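The values are calculated or read from the model by the stated rules, or taken from the named source; none is laboratory data. Just so we're clear, the structure is a prediction, and the values are computed from it rather than from any experiment. All Cβ positions, even for glycine, are placed from backbone atoms using ideal geometry, and neighbour counts span all protein chains on display.
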Amino acid sequence: MKLIPIESPSFVPPQLLEQMPDWGTLFGAVRPLVFEIGCGIGDFVVEMAGMHPEWNFIALDFYNKGCLKTSRKVDQAGLTNVRVVRDEARSFLERCIPPNSLRRVIINCPDPWPKMRHRKRRLVDAPFVSRLASYLAPGGDLHFATDFMDYGLDVARFMPSLTAYENMLAPDPYRHYLEGYPLSKYMRKFMAEGKQIYFIQYRTAAGQGGSHA
Ligand SMILES: C[S@@+](CC[C@H](N)C(=O)[O-])C[C@H]1O[C@@H](n2cnc3c(N)ncnc32)[C@H](O)[C@@H]1O
């Protein structure tokens, strides 16, 4: 498949990501790192990065056109704290993210794989979230959102069994509304269809030398 070239100062060329990069150099400043998996067309990351100029955001998707649109939006917004990456999330994580380094991981409306026989293809399951804990800094958080009830209930069910995490929305296992929280393209689309979003937010235990930033 032919890839559309992305000429943008926000887009990180794949050759710079063949091995562990120096993120401080790629951003031009060392700040706590936030990682959005499956950024789509970038509307969410642009809004959140605007709210948090004190953080650096890696917006990743393996969808070339999505990366192009995200890079354009980042550039148009004049944001210097977002870098866009075209890659597969799990492989990128292992290759390019140092352990205990992430301030936040964001996963909005991941592909739901609604058919029962396809469920094992879902990105977010207990083994993956356990692995994510080792990339989060102490006190770092995981923000998950889905429009798909079965996916939301499944994540809400297994999260309490992962002892590395604590529920930021306790006593609620999930919420359908978060005051002031940005909405992604898919969240808006599904809300317009009358569906509810399942927001689930957990953080790793603090106090082992990391910062809440
Ligand atoms: C349903 S869309 C949601 C996009 C966006 N987060 C939103 O809420 O509007 C899911 C996105 O995740 C991307 N994606 C799914 N699995 C991925 C993976 N393993 N690595 C990178 N991107 C992935 C897809 O290309 C797609 O753009």
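Odds and ends about this structure:
- The number of residues in the range 23-40 being closer than 20 Å to residue 181 by Cβ and in contact with an Asp or Glu (Cβ under 9 Å, 6 or more places away or on another chain) comes to 6.
- Of the strands (runs of 3 or more DSSP E) that lie entirely inside the range 16-88, those containing 3 or more residues that are over 22 Å from residue 3 (Cα atoms) span 33-37.
- Residue 183 being in contact (Cβ under 8 Å) with a residue 60 or more places away in the chain, more than 14 Å from the ligand (Cβ to nearest atom) and under 19 Å from the mean Cα position of the chain (by Cα): no
- The residue that is surrounded by the most Cβ atoms within 10 Å (Cβ to Cβ), among those in the range 63-108 that are β-branched (Val, Ile, Thr) and over 15 Å from the mean Cα position of the chain (by Cα), is 74.
- Among the residues of the range 109-165, those identified as farther than 21 Å from residue 187 by Cβ, in contact (Cβ under 8 Å) with a residue 60 or more places away in the chain and among the aliphatic types (A, V, I, L, M) are 133, 136, 137.
- Residue check for residue 111: surrounded by fewer than 20 Cβ atoms within 10 Å (Cβ to Cβ) and either within 14 Å of the ligand (Cβ to nearest atom) or over 26 Å from residue 31 (Cα atoms) (or both): yes
- Any hit, the range 10-20, residues being among the small types (Gly, Ala, Ser), in contact with a Ser or Thr (Cβ under 6 Å, 6 or more places away or on another chain) and closer than 23 Å to residue 184 by Cβ: yes
- Residue match in the range 190-201 (condition: among the acidic types (Asp, Glu) and either within 15 Å of the ligand (Cβ to nearest atom) or in contact (Cβ under 8 Å) with a residue 24 or more places away in the chain (or both)): yes
- Among the residues of the range 92-106, those that are away from the ligand (no atom under 13 Å from the Cβ), closer than 22 Å to residue 62 by Cβ and in a strand (DSSP E or B) comprise 102, 104.
- Index of the failed condition, residue 37 passing every other in (1) closer than 23 Å to residue 124 by Cα; (2) away from the ligand (no atom under 15 Å from the Cβ): (2)
- From the list 110, 114, the lone residue that is of a type outside the set (A, V, I, L, M, F, W, C), modelled with pLDDT under 95 and assigned to a loop (DSSP other than H, G, I, E, B) is 114.
- Those residues of the range 13-34 which are more than 16 Å from the ligand (Cβ to nearest atom) and within 17 Å of the chain's Cα centre (by Cα), in sequence order: 23, 31, 32, 33
- Of the listed requirements (1) closer than 21 Å to residue 57 by Cβ; (2) surrounded by 14 or more Cβ atoms within 10 Å (Cβ to Cβ); (3) not acidic (Asp, Glu), residue 119 misses just one: (1).
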